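Colleague: This is the structure I want to talk about, given as structure tokens.
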Amino acid sequence: MENKKEFRTWLDDMQLSHPLVIAGPCSAETEAQVLQIAHQLKDTDATVFRAGIWKPRTRPGNFEGVGTVGLQWLQKAKQETGMQIATEVANSNHVEAALKHDVDILWLGARTTVSPFIVQEIAEALKGTDKIVLIKNPINPDLPLWLGAVERLYTSNISKLGVIHRGFSTYEKSKYRNNPEWQIPIDLKNHFPDLPLLCDPSHIGGRRNLIFDICQTALDLNFDGFMVETHFDPDNAWSDAKQQITPDVLVQMMIDLKVRKKQAASEDYLFELHKLRANIDVLDDKLLGMLGKRMQVADSIGQLKKENNVSILQTNRWNEILGKMILQGEEKGLSEEFILKIYKAIHQESINHQKKVINKN
Ligand code: PEP
Ligand code: MN
């Protein structure tokens, strides 16, 4: 399935002068709550009103959504505000109910995209619909699974498609609720440059003070817009209280975010860029040269260890290098996270080299 220009038409048809914003509460709680938030969002950059009706909770016993009755509240919000409405569907019954209530945008949640069985069931229930369907990334950092869901829906003749990046779950705790792993949506964009790509900063951040920076990063990476959880009383929301922001905060955020141009045509800009890129190319060349040399030294160490029948992994030495490099990296403005990643990769490559030498007859 090659890239399709038609992917973009639904977004172009909206004729927005700003990134697309889908906003609204994590969950529809009561009719009054839905209507109040929708009215607060009515004259903002938010074009689409979201609310979860069926809530997939990680552990049972939490609020699991109001169910189908919430769709009537969403319809009422649409009638009163003129906003389009969006909700998550997780099986074919949900799809049927959402279509019956004329929901404009249906999205597949992260817990759905992981299962090709359920994605297929939903794709078949949606067959040929002219509604917009958005696909969140799977919980785990697995690009083919995400691409596969896009392909299953496309094969069901759903062409108004888009994707939502909501980050990836990890066992190790980090500052994010779900690690952004920006490389994955970037890779997805390389597969389908015309597929609208939105960012869900709420589920990536998990805390409202991270939302602005995540949105700015998304814009800097040419994302097309956001899905942001918004509530008039975030602290007392029935789900995802820590990550919701008020409609006022959303309005201010849209003012403060910098939307940068994708390209600039001025001669000066192009000349400067060319010069800097030439510089980068020279440095990349040096970098690879140094890495090649480092691996040659690793080969010699492998040979020495082989002759003396010593094991490859020397934990003390490795920890010593890592500690030293983190300190030196800091002096050069390189983050600990980056040094850890790069040195783990170098160490692994070095072990591979030594293994080859030691196992050679
Ligand atoms: C949500 O949007 O409220 C939601 C449950 O998201 P996710 O599928 O990304 O966890
Ligand atoms: Mn949520």
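Colleague: Pop out the carbon and sulfur fraction of the accessible area of the stretch 1-160 as a percent, whole number, probe 1.4 Å.
Modeller: Working: 3120 of 6780 Å².
On the stretch 1-160, the fraction of accessible area on carbon and sulfur atoms equals 46 percent.
Colleague: Which residues' amide hydrogens lie under 5 Å from the amide hydrogen of I132, considering only partners 5 or more residues apart or on another chain, with H built in the peptide plane?
Modeller: Residues meeting the amide H criterion: L106.
Colleague: Mind listing the long-range amide H neighbours of M227? Cut-off is under 5 Å, sequence gap 5 or more, other chains count too, H placed in the peptide plane at 1.01 Å from N.
Modeller: Under 5 Å from the amide H of M227 lie the amide H atoms of I22, C199, D200, each far enough along the sequence or on another chain.
Colleague: For the chain, give me the percentage of DSSP beta bridges that are antiparallel, rounded to the nearest 5 percent.
Modeller: Values: 1 of 30 bridges.
DSSP beta bridges in the chain are roughly 5 percent antiparallel.
Colleague: I need the shape label for the stretch 240-299. Rule: rounded when a/c is under 1.5, else prolate if a/b > b/c, else oblate, with a, b, c from the alpha carbon gyration tensor. Intermediate values should be presented prior to the final figure.
Modeller: Numbers: a/c = 7.92, a/b = 1.65, b/c = 4.80.
Cα axes put the stretch 240-299 in the oblate bin.
Colleague: Enumerate the residues in the stretch 73-96 having an amide nitrogen under 15 Å from the point lying 7 Å beyond the Cα of D130 toward its Cβ.
Modeller: Taking a point 7 Å out along Cα→Cβ of D130, no residue of the stretch 73-96 has its backbone N under 15 Å.
Colleague: Counting only helical runs of four or more DSSP H residues, what would the 222 nm mean residue ellipticity of the chain come to if each run contributes -39,500 (n - 2.57) and the total is spread over all its residues? Could you put the intermediate results ahead of the total?
Modeller: On the way: 14 runs with 182 residues, N = 361.
Dividing the helical sum by the residues of the chain leaves -16000 deg cm²/dmol.
Colleague: May I ask for the longest run of the chain untouched by GluC sites (Glu not before Pro) that are loop-located per DSSP and have at most 10 neighbouring C-beta atoms (other than their own) within 10 Å? The partial results should precede the final answer.
Modeller: On the way: sites that count: E2, E172.
Longest gap between qualifying sites, sites excluded: 173-361.
Colleague: Something else about it: Calculate, for the chain, the solvent-accessible area per residue in square angstrom, rolling a 1.4 angstrom probe over the heavy atoms of the protein chains.
Modeller: Details: 19470 Å² over 361 residues.
With all protein chains present, the chain gives 54 Å² per residue.
Colleague: Which of the pairs K127/K175; K261/K324; K324/K356; K189/K258; K4/K55 have their Cα atoms more than 29 Å apart in this structure? Walk me through the intermediate numbers first.
Modeller: Numbers: K127/K175 40 Å; K261/K324 40 Å; K324/K356 27 Å; K189/K258 21 Å; K4/K55 32 Å.
Pairs exceeding the cut-off: K127/K175; K261/K324; K4/K55.
Colleague: Same structure, new question: From the phi of every residue in the stretch 99-110, what ³J(HN,Hα) in whole Hz does the Karplus formula 6.51 cos²θ - 1.76 cosθ + 1.60 yield, where θ is phi - 60° and glycine or proline is x?
Modeller: Whole-Hz 3J(HN,Hα) from phi for the stretch 99-110: 5, 4, 9, 6, 5, 7, 10, 10, 10, 9, x, 4.
Colleague: Sticking with this one: Taking loop as defined by DSSP and a crowding limit of 16 other beta carbons within 10 Å, which trypsin sites (Lys or Arg not before Pro) in the stretch 275-348 fit? Before the final figure, lay out each step's value.
Modeller: Numbers: sites: K275, R277, K286, K293, R294, K305, K306, R317, K324, K332, K341, K344; in loops: K332.
Listed in order of number, the matching sites are K332.
Colleague: Further question on the same structure: Using Cα-Cα distances under 8 Å and only pairs 6 or more residues apart, what relative contact order does the chain have, in percent? Display every interim value, and only then the final one.
Modeller: Working: 556 pairs, mean separation 48.8, N = 361.
Once divided by the residue count of the chain, the mean separation gives 14 percent.
Colleague: What is the dipole size for the stretch 234-342, taken about its Cα centre, with +1 at each Lys and Arg Cβ and -1 at each Asp and Glu Cβ, in debye to the nearest 20?
Modeller: It comes to approximately 460 debye.
Colleague: Could you derive backbone 3J(HN,Hα) for the stretch 43-55 from the dihedral phi with the Karplus parameters 6.51, -1.76 and 1.60 (θ = phi - 60°), listing whole Hz in sequence and x where the residue is Gly or Pro?
Modeller: So the Karplus estimates, Gly and Pro as x, are 9, 10, 5, 6, 8, 10, 9, 10, 6, x, 9, 10, 9 Hz.
Colleague: Ignoring ligands, DNA and RNA, what percent of the 1.4 Å accessible area of the stretch 216-361 is carbon and sulfur?
Modeller: Numbers: 5830 of 10390 Å².
In the stretch 216-361, the share of accessible area belonging to carbon and sulfur is 56 percent.
Colleague: Using 29 Å as the Cα-Cα cut-off, could you pick out the over-long pairs in K78/K262; K136/K341; K293/K332?
Modeller: Working: K78/K262 33 Å; K136/K341 26 Å; K293/K332 22 Å.
Long pairs (Cα-Cα over 29 Å): K78/K262.
Colleague: Taking H as built 1.01 Å from N, whose amide H comes closer than 5 Å to the amide H of E29, not counting residues under 5 places away?
Modeller: Result for E29 returns V34.
Colleague: Note down the magnitude of the dipole of the chain about its Cα centre, charges +1 on Lys and Arg C-beta and -1 on Asp and Glu C-beta and zero elsewhere, to the nearest 20 debye.
Modeller: Values: 44 positive and 47 negative charges, 273 e Å.
About 1320 debye.
Colleague: If you don't mind, there's one more thing I want to ask. So for the chain, taking the charge dipole from beta-carbon charges (+1 Lys/Arg, -1 Asp/Glu), which of G70, P19, N140 sits furthest toward the positive end?
Modeller: Checking the options against the dipole of the chain, the answer is N140.
Colleague: Still on this structure: Nearest 20 debye, what's the magnitude of the dipole of the stretch 34-90 about its Cα centre given +1 on Lys and Arg Cβ and -1 on Asp and Glu Cβ?
Modeller: Details: 7 positive and 5 negative charges, 40 e Å.
Here the size comes out at about 200 debye.
Colleague: If you don't mind, there's one more thing I want to ask. Please work out whether the stretch 1-147 counts as rounded, prolate or oblate from its C-alpha gyration tensor, where a ≥ b ≥ c are the square roots of the eigenvalues and a/c under 1.5 means rounded, while otherwise a/b larger than b/c means prolate and anything else oblate? Each step should come with its number before you reach the end.
Modeller: Numbers: a/c = 1.66, a/b = 1.14, b/c = 1.46.
Oblate is the answer for the stretch 1-147, as a/c is 1.5 or above yet b/c matches or exceeds a/b.
Colleague: Another question, then. Report ³J(HN,Hα) in whole Hz for each residue of the stretch 65-79, in order, from the Karplus equation J = 6.51 cos²θ - 1.76 cosθ + 1.60 where θ = phi - 60°; Gly and Pro get x.
Modeller: Result, ordered by residue: x, 7, x, 4, 4, x, 5, 5, 5, 5, 4, 5, 4, 4, 4 Hz.
The values are calculated or read from the model by the stated rules, or taken from the named source; none is laboratory data. None of the values given here were measured: they were computed from a predicted structure. We place every Cβ from the backbone using ideal geometry, glycine too, and count neighbours over all the protein chains shown. The protein model used for the area step is the full one, side chains on, heavy atoms only, and it has no ligands, DNA or RNA in it. Shrake-Rupley method; radii C 1.70, N 1.55, O 1.52, S 1.80 Å.
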